[in-house]
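A.B. asks: Take a look at the following structure, please.
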Amino acid sequence: QVQLVESGGGLVQAGGSLRLSCAASGIAFSINAMGWYRQAPGKQRELVAAITSGGRTNYADSVKGRFTISRDNAKNTVYLQMNSLKPEDTAHYYCNAEPPFRKWGQGTQVTVSS
């Protein structure tokens, strides 16, 4: 059974940093591309960063140069380092495979104050 557990969110001032973690179980983690997604109130969920099984990364234009996705296959964990945060980064953040599995975790809230 797929289980995705996100952590590391919080309240931070604009310009600050946060590091999100996602522990995955019930999947063949090392062979799956993984992604971080976010959903802001009133908006659709969007993919902000992805990493292939081989470590290639891709980012949404809105976060390029500020966010870094990484993975530790030994720990079945994917990370999102978020720097230079902006109020528009405020959202609920989720990890999942890319493309995503049907099941999602609870996510973690990131709130950036101006």
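The values are calculated or read from the model by the stated rules, or taken from the named source; none is laboratory data. Every value quoted in this text rests on a predicted model; they were computed, and no experiment measured them. No Cβ is skipped: glycine too gets one built from the backbone with ideal geometry, and neighbour counts run over all protein chains shown. Each accessible area value is taken on the protein alone, full model and side chains, heavy atoms only, with ligands, DNA and RNA left out. Shrake-Rupley method; radii C 1.70, N 1.55, O 1.52, S 1.80 Å.
A.B. asks: Just give me the residues in region 2-17 being touching a Phe, Trp or Tyr at 6+ places or on another chain (Cβ under 9 Å) and of a type in the set (A, V, I, L, M, F, W, C), in sequence order.
C.D. replies: Step one: of region 2-17, the residues touching a Phe, Trp or Tyr at 6+ places or on another chain (Cβ under 9 Å) are 2, 4, 6, 8-9.
Within region 2-17, VAL2, LEU4 meet the criteria.
A.B. asks: Turning to a different aspect of this structure: Run down GLY42, GLY26, GLY16, GLY10 and say which single residue is more than 15 Å from the chain's Cα centre (by Cα), in contact (Cβ under 8 Å) with a residue 12 or more places away in the chain and over 24 Å from PHE101 (Cβ atoms).
C.D. replies: The match here is GLY16.
A.B. asks: What's the number of the only condition in (1) open to solvent by 50 Å² or more (accessible area, probe 1.4 Å); (2) of a type outside the set (S, T, N, Q); (3) without any contact (Cβ under 8 Å) to a residue 24 or more places away in the chain; (4) over 20 Å from HIS92 (Cβ atoms) that GLY55 fails to meet?
C.D. replies: Every listed condition holds for GLY55 apart from (1).
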